[in-house]
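The values are calculated or read from the model by the stated rules, or taken from the named source; none is laboratory data. All figures in this text were calculated on a predicted structure; none of them were measured in a lab. A quick note on method: Cβ atoms are made from the backbone with ideal geometry, for glycine too, and the neighbour counts reach across all protein chains shown. We work out accessible area using only protein heavy atoms, side chains counted, and drop any ligands, DNA or RNA first. Shrake-Rupley method; radii C 1.70, N 1.55, O 1.52, S 1.80 Å.
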Amino acid sequence: MAERESRRDNKAMDGRWSLLGTTALVTGGTKGIGHAIVEELARFGAAVHTCARNEAELETCLKKWEGMKLNVTGSACDVSLPAEREKLMERVASIFHGKLHILVNNAGTAIWKAATDHTLEDYRHVMSTNLDSAFHLSQLAHPLLEASGRGSIVFISSVAAIVGIRNCSGAMDQLTRSLACEWAKEGIRTNCVSPGIIRTPINHHLLEDKEILAAESNRALLGRVGEAAEVAAVVAFLCLPASLYINGQVIVVDGGRTVNGNA
């Protein structure tokens, strides 16, 4: 009897740490943090759909994931364009039969200029890619997430929304809190992960500069910049049944940068 109860308890515990049978959409999944998130969710058992603007890069990644026996599909999509966001969600609804458990709004871009040097076109491009797409895709995904019975949205923000960073700013955190308040009653949790400086293609030009790399490493209490897989692990946790009581939170993954009073 005790052995049977132990097996049952172990099975229940395993279920808390598995995404088997779930579906996920990860935007911007061919590079950096998005790429790592796709692989992390798929390893936990989720069926993942991702998108990217570059179709050739997407096909290369899909072939790689097929070789790794990961359940990943993909679409070419420029999330800065409303019509393409709608087309993407139609595809997702078709592939996953009207149910989506996980939406990771990861796609983003940055233009490293002083505020006075930004053109209106620069501003519109960054906002449409980063913030507008995340809000609109969450709207479009809402009925699919609700239909799943256990929806989880994760926004990928930045520590730039928490501390002042020259030539950069953030605007995702309050959207996270607002949607968490509004959609919790419909079984949809909304959280946010805010990375510090992570070793990804978008930051490559910064980290090539030895002075910037040294400065950012010193600001982080752990003494180094982060890796994409370290962010992906936190995102995956927020999607797992083990995190079902976490909602409306902004979780910083920065090696201690934002709490370092000496930075």
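Can you tell which of Thr176, Thr200 is in contact (Cβ under 8 Å) with a residue 60 or more places away in the chain and out of contact with any helix residue (DSSP H, G or I) (no Cβ under 7 Å at 6 or more places or on another chain)?
Working: Thr200 fails: out of contact with any helix residue (DSSP H, G or I) (no Cβ under 7 Å at 6 or more places or on another chain).
One residue alone meets the criteria, Thr176.
Does Arg219 qualify as being over 30 Å from Leu100 (Cβ atoms) and buried (at least 18 other Cβ atoms within 10 Å of the Cβ)? First the steps, then the outcome.
Values: over 30 Å from Leu100 (Cβ atoms): yes; buried (at least 18 other Cβ atoms within 10 Å of the Cβ): yes.
Taking the combined requirement at face value, the residue satisfies it.
Hey, could you check the stretch 26-39 for residues that are in contact with a Cys (Cβ under 9 Å, 6 or more places away or on another chain) and part of a helix (DSSP H, G or I) and say which is farthest from Thr109 (Cα to Cα)?
Ranking the qualifying residues of the stretch 26-39, first place goes to Val38.
Only one of Ile188, Ile198 is farther than 26 Å from Ser18 by Cβ and touching a strand residue (DSSP E or B) at 6+ places or on another chain (Cβ under 8 Å). Can you tell me which? Give the steps one after another, and end with the answer.
Values: Ile188 fails: farther than 26 Å from Ser18 by Cβ.
Sole residue among the options that is farther than 26 Å from Ser18 by Cβ and touching a strand residue (DSSP E or B) at 6+ places or on another chain (Cβ under 8 Å): Ile198.
Across the stretch 172-216, what is the number of residues that are open to solvent by less than 60 Å² (accessible area, probe 1.4 Å), part of a strand (DSSP E or B) and either among the polar types (S, T, N, Q) or within 19 Å of Gly256 (Cβ to Cβ) (or both)?
7
Name the residue, out of Glu182, Glu186, that is free of Cβ contacts under 8 Å to residues at least 12 places away in the same chain and acidic (Asp, Glu). Talk me through it step by step, then tell me what you get.
Numbers: Glu186 fails: free of Cβ contacts under 8 Å to residues at least 12 places away in the same chain.
Residue meeting the stated conditions: Glu182.
Give the number of residues within the stretch 92-132 that are of a type in the set (S, T, N, Q) and in contact with an Asp or Glu (Cβ under 9 Å, 6 or more places away or on another chain). Explain how you work it out, then say what you get.
As a first pass, look at the stretch 92-132 and keep what is of a type in the set (S, T, N, Q): 94, 105-106, 109, 116, 119, 128-130.
In the following step, the residues that additionally are in contact with an Asp or Glu (Cβ under 9 Å, 6 or more places away or on another chain) were identified as 129.
Here the count works out to 1.
Restricting to the stretch 205-230, give me the number of residues that are closer than 23 Å to Gly29 by Cα and touching a Gly at 6+ places or on another chain (Cβ under 9 Å).
4
Please find, within the stretch 88-119, the residue that is nearest to Ala36 (Cα to Cα) out of those that are outside any loop (DSSP other than H, G, I, E, B) and open to solvent by 80 Å² or more (accessible area, probe 1.4 Å).
Step one: filter the stretch 88-119 for residues outside any loop (DSSP other than H, G, I, E, B), giving 88-95, 102-105, 115-117.
Subset that is open to solvent by 80 Å² or more (accessible area, probe 1.4 Å): 90-91, 94, 115-117.
On the way: Glu90: 25, Arg91: 22, Ser94: 25, Ala115: 31, Thr116: 34, Asp117: 33 Å.
So, considering only residues that are outside any loop (DSSP other than H, G, I, E, B) and open to solvent by 80 Å² or more (accessible area, probe 1.4 Å), the one nearest to Ala36 (Cα to Cα) is Arg91.
So Asn54 ticks every box in (1) closer than 20 Å to Ile33 by Cβ; (2) buried (at least 16 other Cβ atoms within 10 Å of the Cβ) but one. Which box is left unticked?
(2)
Hey, could you check the stretch 57-70 for residues that are in contact (Cβ under 8 Å) with a residue 12 or more places away in the chain and not in a helix (DSSP H, G or I) and say which is surrounded by the fewest Cβ atoms within 10 Å (Cβ to Cβ)?
Looking at the filtered set, the residue picked out is Met68.
I need the full set of residues from the stretch 71-87 which are in contact with a Ser or Thr (Cβ under 7 Å, 6 or more places away or on another chain) and in a strand (DSSP E or B), in order please.
If we filter the stretch 71-87 for residues that are in contact with a Ser or Thr (Cβ under 7 Å, 6 or more places away or on another chain), which is where we start, we get 72, 74, 79-80, 85.
Val72, Gly74, listed by residue number.
Hey, any hits in the stretch 144-154 for a residue that's out of contact with any helix residue (DSSP H, G or I) (no Cβ under 8 Å at 6 or more places or on another chain), free of Cβ contacts under 8 Å to residues at least 12 places away in the same chain and not acidic (Asp, Glu)?
The answer is no; no qualifying residue exists.
Here's a check for you: in the stretch 140-171, which residue that is under 18 Å from the mean Cα position of the chain (by Cα), open to solvent by less than 30 Å² (accessible area, probe 1.4 Å) and polar (S, T, N, Q) is modelled with the lowest pLDDT?
Among those that are under 18 Å from the mean Cα position of the chain (by Cα), open to solvent by less than 30 Å² (accessible area, probe 1.4 Å) and polar (S, T, N, Q), it is Ser157.
Consider the stretch 65-87. How many of its residues are among the hydroxyl-bearing types (Ser, Thr, Tyr) and over 16 Å from His35 (Cβ atoms)?
Kept after step one, since they are among the hydroxyl-bearing types (Ser, Thr, Tyr), are these residues of the stretch 65-87: 73, 75, 80.
If we keep only those that are over 16 Å from His35 (Cβ atoms) as well, we get 80.
Residues meeting the conditions: 1.
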